Amino acid sequence: MRKLARHVFIENEYVGVHVGLISVDDSLLLVDAPLLVDEAREWLDVISGKGRPRYLTFLDSHPDRVLGAINYDIPIIAQYGTMDEMRGWSDTFKGGAHPIGADADQLKRIVGVQKVVPDLAFGNEINLFLNKVELTFLHRPGPRDGSMWLLIPSAKTVFIGDFVTVSQPPYFGAADIDRWLKGLDELRQSPFGDYKIISSRDGLVKRDDINNMARFIRKIPLRLKDLTGGDDDEEIARKQASALLKSYALPAVYEDIAHTRLTSSIIDLHTRLTATD
């Protein structure tokens, strides 16, 4: 576990996520959950010496960061869009029924895990005091409708979920591209220039990573233009995914899952956009 600032820690030893911890005196707020249930229990053991978990927050509804929370007996906080989406899930995770290139799609131990639903939800913004430390929860749609940021102003730290990914491309099938770009622009401005910015996929990110992410996101609409809703859409999406994948230098072991993630993203986003036209 790595300390990033006063009260703020992250851990990157678990599948699919950099989990976070806010520790104030003997009270803890957890940021996302390890994917595997046994790793989620291990995380609780790791942090047990720092105090009592009071809350868990989901930065969005990505399965890699929420499924492992089934045994967490603490209130879960999320943006309302995340709560609403998770309410609509089937009672148990179906695995590869609709693969999105998530780590959860690849793991047989995840199939059949019961869903959890956040207990507390907010609209645009709420402030919570963990003892005397103020935490700000901001609705920032982009990667998903219910995406949020968690700010710890006193520590000049912000958790941003999938707004920036460095080592792998994000799933963008549920994205609002314009709002995503708007959020990235916000991260380049005051007060965030002085903040430590933490990605759910990659941990601490830099300004260059934000710029690279914006360049990648701007490419996405161009990759949707050749899709027509016909039988050849999947093949077209595969070719476009290969083009997008060139933006990332991936080890060979991750290429297949990343290609699946981008292919499903292109198809899902195109389907959503044409359904609303």
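For D60, the conditions (1) surrounded by fewer than 22 Cβ atoms within 10 Å (Cβ to Cβ); (2) at pLDDT 95 or above; (3) charged (D, E, K, R) are fulfilled apart from (1). Quick check on S247: is it more than 18 Å from the chain's Cα centre (by Cα) and at pLDDT 90 or above? Yes; evaluated as a whole, the condition is true for this residue.
For R207, the criteria (1) in contact (Cβ under 8 Å) with a residue 24 or more places away in the chain; (2) surrounded by fewer than 22 Cβ atoms within 10 Å (Cβ to Cβ); (3) under 19 Å from H18 (Cβ atoms) hold in every case but one, which is (1).
For the stretch 15-58, taking the residues that are among the aromatic types (F, W, Y) and over 14 Å from the mean Cα position of the chain (by Cα), the one that is nearest to F93 (Cα to Cα) is identified as W43. Taking the residues in the stretch 227-277 that are among the hydroxyl-bearing types (S, T, Y) and part of a loop (DSSP other than H, G, I, E, B) as candidates, determine which candidate is surrounded by the most Cβ atoms within 10 Å (Cβ to Cβ). Across the stretch 227-277, the extreme among qualifying residues is Y248.
Mind checking whether some residue in the stretch 64-78 is buried (at least 17 other Cβ atoms within 10 Å of the Cβ), over 19 Å from L128 (Cβ atoms), in the same structural domain as A175 (by TED's automatic domain parsing) and touching a residue at least 60 places away in the same chain (Cβ under 8 Å)? There is at least one residue in the stretch 64-78 that is buried (at least 17 other Cβ atoms within 10 Å of the Cβ), over 19 Å from L128 (Cβ atoms), in the same structural domain as A175 (by TED's automatic domain parsing) and touching a residue at least 60 places away in the same chain (Cβ under 8 Å).
Of all residues in the stretch 203-219, those that are under 24 Å from R65 (Cα atoms), out of contact with any Leu (no Cβ under 7 Å at 6 or more places or on another chain) and outside any strand (DSSP E or B) total 4.
The values are calculated or read from the model by the stated rules, or taken from the named source; none is laboratory data. Note that the structure is predicted; figures quoted are calculated from it, not measured. Because the Cβ atoms are built from the backbone with ideal geometry, glycine has one as well, and the counts that use them run over all protein chains shown.
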